[in-house]
Amino acid sequence: MTRRHALLLLFTLCAAIAFHRDGNAQSKGASRNLPVIVCFGDSLTAGHGVTAGHTYPDYLQQDLDHQGYSYRVVNKGIDGNTTKDGVDRLKDVLAAHPQIVVVEFGGNDGLRGLPISITRQNLDQIVSTLLKSGAKVLLAGITLPPNYGPDYIQQFNETYSLLARKYKVPFLPFLLQNAYGTPGSMQEDGIHATEKGNEQVARNVLQGLKPLLRK
């Protein structure tokens with residue numbers, strides 16, 4: 001190879017790398033300019049027990065893209081969070097300037113046997129604060145194992161429907177619909193979805209979101 005050919009090859013490689021970087025920068029810039037959907041919740045949102053890239057918010061992003069919706073999904077789920085933790089993290093969520101927020105809290109309150117009144121108060125504050133900011137809200141419900149007793153479970157479940165009616169927001173009565181009880185869709189703890197289960201959860205959420213979406 002002559003010196004001239006070597007220099008030409010080096011120039012071509014440098015140009016290709018620069019073009020690739022510029023393309024990635026433009027792509028990332030375009031993504032940042034899209035309206036934001038924040039998935040705000042606990043371990044069910046964070047993706048406890050699954051590998052990175054396989055949470056329900058990840059699958060929701062894929063589903064939105066495939067169906068022609070231009071949004072950027074941001075995962076704001078943290079393992080172990082209660083509704084009180086959700087209240088404390090509202091500023092972080094609002095800093096993302098979301099157009100829509102999927103609110104998924106309450107499971108850890110229920111598993112700890114916290115007073116229903118406290119859970120309702122905290123969820124009310126979360127939803128009302130988000131709505132006042134101008135964001136739209138999809139409320140995602142969850143339920144509890146039968147050993148918590150029918151009275152407590154009934155009051156717990158009603159928390160979501162009561163709040164949805166109060167603020168006239170869409171809600172999913174059970175986030176894990178068609179995942180819970182489906183072979184291969186739940187982890188051994190019986191609480192968290194597998195990767196397969198998260199695909200179904202994303203479909204559930206997208207169905208609930210559709211009245212709020214624009215193409």
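For Tyr69, the requirement of being at pLDDT 55 or above, out of contact with any Cys (no Cβ under 9 Å at 6 or more places or on another chain) and not aliphatic (A, V, I, L, M) is met. Somewhere in segment 177-195, is a residue modelled with pLDDT of 95 or more and under 24 Å from His97 (Cα atoms)? For segment 177-195, residues modelled with pLDDT of 95 or more and under 24 Å from His97 (Cα atoms): absent. Of Leu139, Leu60, Leu44, Leu130, all but one fail to be crowded, with 21+ Cβ neighbours inside 10 Å and in a strand (DSSP E or B); the exception is Leu139. Is it true that some residue in segment 148-155 is touching a residue at least 24 places away in the same chain (Cβ under 8 Å), crowded, with 18+ Cβ neighbours inside 10 Å and either in contact with a strand residue (DSSP E or B) (Cβ under 7 Å, 6 or more places away or on another chain) or closer than 27 Å to Asn178 by Cα (or both)? No, segment 148-155 has no match at all. Of the listed requirements (1) assigned to a helix (DSSP H, G or I); (2) over 24 Å from Val36 (Cβ atoms), Leu144 misses just one: (1). Selection of segment 63-97 for residues being within 13 Å of Val36 (Cβ to Cβ) and in a loop (DSSP other than H, G, I, E, B) yields Tyr69, Ser70, Tyr71, Ala95, Ala96, His97.
Among the residues of segment 76-89, those that are touching a Ser or Thr at 6+ places or on another chain (Cβ under 6 Å) and open to solvent by 10 Å² or more (accessible area, probe 1.4 Å) comprise Gly77, Asp79.
Taking each residue of segment 200-212 that is over 13 Å from Leu139 (Cα atoms) and looking for partners that are among the aliphatic types (A, V, I, L, M) with beta-carbon atoms closer than 7 Å, six or more apart or interchain, yields Gln200/Ala179; Val201/Leu175; Val201/Leu176; Val201/Ala179; Val201/Ala193; Ala202/Leu60.
Any idea how many residues of segment 157-181 are of a type in the set (S, T, N, Q), surrounded by fewer than 18 Cβ atoms within 10 Å (Cβ to Cβ) and assigned to a helix (DSSP H, G or I)?
Counting residues in segment 157-181 that are of a type in the set (S, T, N, Q), surrounded by fewer than 18 Cβ atoms within 10 Å (Cβ to Cβ) and assigned to a helix (DSSP H, G or I) gives 1.
Note on segment 182-199: among residues that are open to solvent by 70 Å² or more (accessible area, probe 1.4 Å) and either without any contact (Cβ under 8 Å) to a residue 60 or more places away in the chain or among the small types (Gly, Ala, Ser) (or both), the one that is nearest to His66 (Cα to Cα) is Lys196.
Among residues that are in contact (Cβ under 8 Å) with a residue 24 or more places away in the chain, on the phi > 0 side of the Ramachandran plot and open to solvent by less than 70 Å² (accessible area, probe 1.4 Å), Gly106 is included. Here Gln121 meets each of (1) assigned to a loop (DSSP other than H, G, I, E, B); (2) over 20 Å from Leu172 (Cβ atoms); (3) over 15 Å from the mean Cα position of the chain (by Cα) with one exception, condition (1).
The values are calculated or read from the model by the stated rules, or taken from the named source; none is laboratory data. Computed from a predicted structure; not experimentally measured. Neighbour counts run over all protein chains shown; Cβ positions are idealised from the backbone, glycine included. Quick note on the areas: whole protein, heavy atoms, side chains included, nothing else; ligands and nucleic acids left out. Shrake-Rupley method; radii C 1.70, N 1.55, O 1.52, S 1.80 Å.
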